[in-house]
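The values are calculated or read from the model by the stated rules, or taken from the named source; none is laboratory data. All figures in this text were calculated on a predicted structure; none of them were measured in a lab. Positions of Cβ are generated from backbone atoms using ideal geometry, with glycine treated the same way; all protein chains shown enter the neighbour counts. Keep in mind that these areas ignore ligands, DNA and RNA; they rest on the heavy atoms of the full protein, side chains included. Shrake-Rupley method; radii C 1.70, N 1.55, O 1.52, S 1.80 Å.
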Amino acid sequence: MRILLLGGDGYLGWATAMYLSHQGDEVTVVYNYFRRRACLELDCEPLFPVPNLHRRAALWEAGSGFKVKVQIGDACDYPFLQDIFRRFQPEAVVHYAEQPAAPYSMMGHKEAIFTLTNNLVSTANVIHAVKATNLDCHLVKLGTMGVYGTPNIDIEEGYLEVEHKGRKHTCLYPKAPGSLYHLTKAQDGDMLYFYCRIWGIRVTDLNQGPVYGIDTDESRQDDRLAPIFNYDDIFGTVLNRFLVQAVAGIPLTVYGQGGQTRGYLNIRDTLACVELALRHPANPGQYRVFNQFAETFSVNDLAKKVQDAGRDLGLEVRIQTIPNPRQEAEQHYYQPVHTGLLSLGLEPHYLDKPILQEMLLKVAQSRERIRRELIMPRVHWEVK
Ligand SMILES: NC(=O)c1ccc[n+]([C@@H]2O[C@H](COP(=O)([O-])OP(=O)(O)OC[C@H]3O[C@@H](n4cnc5c(N)ncnc54)[C@H](O)[C@@H]3O)[C@@H](O)[C@H]2O)c1
């Protein structure tokens, strides 16, 4: 399949590019260096050094024989994007090219406007490029479970059947995002649903939970092919941060009561889910939504698991409750459905002790690169 991968240098993007090219797909990645620049500006670079995208692609090709084509540019630049669609003629496009960090989106006006503009304009551009070049091209967009918030009823996959005054209707599941970043994901989902109905484009929205993991089968070939791995308060995701804190001897930073429960998945499962969506495309005019995660944990559950896994490796892992910088329910009902990808054949990896210990040992190899000042949260949701 000819697959255009937008945001192909990121934590998930580069791993996906290698994985799909290894499956025999023809992959072109688009990247604008936003994430790397933001990490430089905020002085929070990833734990492992990462060669630039051209060098990664060359290393991958030399080691594996599989090619990933690189195009440097911005998905918000419509002439650039349309030109790539015209030249490459993708059968499917995977849209990762968004600003993905909730704390970044809540930092201030500049970051808020960037997040809104980048995430919505890039999505609108992809939709228009699909319409201008090939309406049949399947658009797979990464969404987030965070669009739903934490309602006091079960979370369905994208849609809710409602009975109102004796009549029934199926509507998009109500959204209650908890950060501006999550709001843009709710908005771009609405935009995709709109164009599915109006123009008949075919879309899969993958509402993904927080991802953890350092290695994939492809990245194991060469350390320099590892995913970008942030552990700071802005771009790091919770479990990845806990692993680094455990190795550095920093108490695990549980925000508030720690009852915040979410659906988590291994980075390998992200690759499998995206592949399943690509191989089983949505129908023309269909806005298909999958909830993409393997299992749910509270923040306290995660902290205890890391503590337990660390103990056997001789790490004395402490857990500390700190004031929650976000505004979110710290104890709540959480029952999301996630049967769609399982029914397509997903075989998830579960977060067991060997997986945790493998990740802890990998982080420990770079122990001396860990910067303790990147751990505590700097961005607060509350108006002071
Ligand atoms: N990592 C997670 O836990 C997680 C969870 C849920 C959803 N997601 C979603 O998955 C996608 C990928 O996430 P990630 O963790 O790999 O983030 P990432 O920041 O590592 O990757 C996104 C990449 O896209 C690039 N990019 C952003 N805007 C662009 C633009 N306009 N043009 C070209 N490139 C652009 C960034 O520079 C970055 O390299 C995002 O949409 C994110 O919201 C991630």
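Only one of the numbered conditions (1) crowded, with 17+ Cβ neighbours inside 10 Å; (2) within 14 Å of the ligand (Cβ to nearest atom) is violated by residue 25, and that is (2). Evaluated against (1) without any contact (Cβ under 8 Å) to a residue 40 or more places away in the chain; (2) open to solvent by 10 Å² or more (accessible area, probe 1.4 Å), residue 186 falls short on exactly one condition, (2).
For the criterion of being of a type in the set (Asp, Glu), open to solvent by 10 Å² or more (accessible area, probe 1.4 Å), away from the ligand (no atom under 16 Å from the Cβ) and closer than 15 Å to residue 287 by Cα, residue 161 fails. Of the residues making up the stretch 283-321, those that are under 28 Å from residue 173 (Cα atoms), open to solvent by less than 60 Å² (accessible area, probe 1.4 Å) and either among the acidic types (Asp, Glu) or more than 22 Å from the chain's Cα centre (by Cα) (or both) number 2. Among the residues of the stretch 98-120, is there at least one that is at pLDDT 95 or above, assigned to a helix (DSSP H, G or I) and farther than 28 Å from residue 237 by Cβ? For the stretch 98-120, residues at pLDDT 95 or above, assigned to a helix (DSSP H, G or I) and farther than 28 Å from residue 237 by Cβ: absent.
State all residues of the stretch 164-187 that are charged (D, E, K, R), within 16 Å of the ligand (Cβ to nearest atom) and over 15 Å from the mean Cα position of the chain (by Cα); if no residue qualifies, say none. Selection gives 175 alone. Within the stretch 54-74, can one find any residue that is open to solvent by less than 60 Å² (accessible area, probe 1.4 Å), at pLDDT below 95, out of contact with any Asp or Glu (no Cβ under 6 Å at 6 or more places or on another chain) and within 9 Å of the ligand (Cβ to nearest atom)? No - not one qualifying residue is present in the stretch 54-74.
Residues that are out of contact with any helix residue (DSSP H, G or I) (no Cβ under 8 Å at 6 or more places or on another chain) and within 15 Å of the ligand (Cβ to nearest atom) were ranked within the stretch 117-141; the one that is least open to solvent (accessible area, probe 1.4 Å) is 122.
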